[in-house]
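Reading through the structure tokens given below for one structure.
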Amino acid sequence: KDDSHASGLVNAGVYVMEPLVLKDIPAGRALSLERTVLPLLLARGERLQSVEVHGHFFDIGTPESYAAFARFTLRPRVQGGMDRGESLNGGTP
């Protein structure tokens, strides 16, 4: 993987697209928006926007990671977010 353009940011997108864009996505085939659709839009000269949000990032792509996220969001809040040295699953990293 080429990390020469690494920004330290995560694409945890919520995408809002015009229906015309969705028409170009083939039905029934998995694809990566980041590797397929967004580069295509840029090549066509389409305007893309992003918003940088500061805060925690949670990968909820598996039932286990989703459950850990749910536990995190339901626990009593500590001012400033996660305690120093705390990992998502409540243990230490």
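A few remarks follow.
- Scanning segment 12-40 for residues that are assigned to a loop (DSSP other than H, G, I, E, B), open to solvent by less than 80 Å² (accessible area, probe 1.4 Å) and closer than 19 Å to G61 by Cα yields A12, G13, L31, S32.
- Scanning segment 41-67 for residues that are in a helix (DSSP H, G or I) and in contact with a helix residue (DSSP H, G or I) (Cβ under 9 Å, 6 or more places away or on another chain) returns a single hit, L41.
- Residue in segment 69-86 that is open to solvent by less than 100 Å² (accessible area, probe 1.4 Å), charged (D, E, K, R), over 21 Å from the mean Cα position of the chain (by Cα) and at pLDDT 80 or above present: yes
- When G55 is tested against (1) at pLDDT below 90; (2) at negative phi, just one condition goes unmet, and that condition is (2).
The values are calculated or read from the model by the stated rules, or taken from the named source; none is laboratory data. Everything quoted here is computed from the prediction, not taken from an experiment. When we count neighbours, we look across all protein chains shown, and the Cβ atoms used for this are built from the backbone with ideal geometry, even at glycine. We work out accessible area using only protein heavy atoms, side chains counted, and drop any ligands, DNA or RNA first. Shrake-Rupley method; radii C 1.70, N 1.55, O 1.52, S 1.80 Å.
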